[in-house]
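**Student:** Quick one: the structure is below, questions incoming.
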Amino acid sequence: FFDLFYVAAAYNLGGMLISALTPHDWPRGLIYYVGIFGPLYNTWETATYYESRYTQVDYAHRLFDIIRYMMVSTAVLHIKPLDLLADPKSLEALIFASAILLESIMHLGLNLELYFKGRGDRAAIQNHTWTKIKFQLLPTIVMYTAATTVAAVQFAQVPADELSNYNNYRYLADAGSETSGPRWTLTDLPLTLTALAYLLNIFHTTWRKIGRASC
């Protein structure tokens, strides 16, 4: 059932990529794709990783999982065409980043529970969980928090003249003009940060695995 959210995510990502197929917008579209796909992939990977190793048999954890899935479904619902995601006065980027941030915080809570309450080989559970928290969850949450904050500030305070300039760039890009303004602006920063969070997670994971292999 959980995997069906990612079918919808793939469909919406396809629509977003189609909206970015212009000479002006395709670099931004690539950034937005990574910034959306990466965090959603992390939600699937962390959920699968957790459920393949630990067993939950109470209603509290099941309710907790349902709320987490609601965060993922909210993020998927707000994968929109590039114009809406990049518009600083649209709620799409803000809601997407907020939902991903809340899901990550909930997963951090599960790992903290494992660290303090997990049953089994306590030393192994604590060592593994602390490594995951320190190198993956906390850095990712910091980046998601920054993305959410930037999106919220832009939504609340973006100057009218900046919004007008952005809309002019967008219309010129739609018309195929070669003088359509910059290919990246500060309005693209929220999803750029989520993309960087995903790439940094890959870098940290690869670096740790190389370090272990060389020991």
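The values are calculated or read from the model by the stated rules, or taken from the named source; none is laboratory data. Remember, it's a predicted structure, so these values are computed and weren't measured experimentally. Note that each Cβ is placed from the backbone with ideal geometry, even for glycine, and that neighbours are counted across all protein chains shown. The protein model used for the area step is the full one, side chains on, heavy atoms only, and it has no ligands, DNA or RNA in it. Shrake-Rupley method; radii C 1.70, N 1.55, O 1.52, S 1.80 Å.
**Student:** Once phi is turned into ³J(HN,Hα) by the Karplus curve 6.51 cos²θ - 1.76 cosθ + 1.60 with θ = phi - 60°, what whole-Hz value does each residue of the range 105-112 show in order, with x for glycine and proline?
**Tutor:** Computed from phi, the couplings for the range 105-112 are 5, 5, 5, 4, x, 4, 6, 5 Hz.
**Student:** So how far, in whole Å, is the C-alpha centre of the range 20-86 from the one of the range 104-144?
**Tutor:** Here the two parts' Cα centres lie 19 Å apart.
**Student:** If you take the charge dipole of the chain about its Cα centre, with +1 on Lys and Arg Cβ and -1 on Asp and Glu Cβ, which of ALA93, TYR115, TYR50 is farthest toward its positive end?
**Tutor:** Toward the positive end, the furthest listed residue is TYR115.
**Student:** If you don't mind, another one. Using a Förster radius of 45 Å, what is the FRET efficiency between ALA156 and LYS117 based on their Cβ-Cβ separation? Nearest 0.05, please.
**Tutor:** Calculated value: 0.70.
**Student:** For HIS128, HIS24, give me the order by solvent-accessible area with a 1.4 Å probe, most accessible first, ignoring ligands, DNA and RNA.
**Tutor:** Ranked list, largest accessible area first: HIS128, HIS24.
**Student:** Grab the beta carbon distance between THR149 and ASN127, set R0 = 25 Å, and tell me the FRET efficiency rounded to 0.05.
**Tutor:** Taking R0 as 25 Å, the efficiency between THR149 and ASN127 is 0.15.
**Student:** Tell me, what % of the accessible area of the chain is carbon and sulfur with a 1.4 angstrom probe?
**Tutor:** Carbon-and-sulfur percentage of accessible area, whole number: 68.
**Student:** Checking the cross-link filter: which lysines have an alpha carbon closer than 19 Å to that of LYS132, excluding same-chain neighbours under 8 positions apart?
**Tutor:** By straight Cα distance, LYS132 reaches LYS117, LYS209.
**Student:** Taking the Cα atoms only, what angle lies between the long axis of helix 160-174 and the longest principal axis of the chain, rounded to 10 degrees?
**Tutor:** The angle comes out at about 80 degrees.
**Student:** Considering only protein heavy atoms, what is the solvent-accessible area of ILE95 at a probe of 1.4 Å, reported in Å² to the nearest 10?
**Tutor:** Solvent-accessible area, nearest 10 Å²: 50 Å².
**Student:** Give me the net charge of ALA93's neighbourhood, meaning all other residues with Cβ under 10 Å from the Cβ of ALA93; Lys, Arg count +1, Asp, Glu -1.
**Tutor:** Here the charged neighbours net out to -2.
**Student:** On the full set of protein chains, 1.4 Å probe, figure out the accessible area of ARG183 and give it in Å² to the nearest 10.
**Tutor:** Roll a 1.4 Å probe over it and ARG183 shows about 120 Å².
**Student:** Give the ranking of SER19, SER104 by solvent-accessible surface, highest area first, calculated with a 1.4 Å probe.
**Tutor:** Highest to lowest solvent-accessible surface, that is SER19, SER104.
**Student:** Say each of VAL57 and TYR11 gets a label point 7 Å from the Cα, pointing the same way as Cα to Cβ; how far apart are those two points in nm?
**Tutor:** Placing both labels 7 Å along Cα→Cβ, they lie 3.8 nm apart.
**Student:** Okay, next question. Roughly how much of LEU112 is accessible, in Å² to the nearest 10, using a 1.4 Å probe?
**Tutor:** 70
**Student:** Is there a quick way to get the dipole size of the chain? I mean about its Cα centre, with the Cβ of Lys and Arg at +1 and of Asp and Glu at -1; what is the value in debye to the nearest 20?
**Tutor:** 940
**Student:** Cα atoms only: what Rg and Dmax, in Å, come out for the chain?
**Tutor:** That works out to 19.2, 63 Å for Rg and Dmax.
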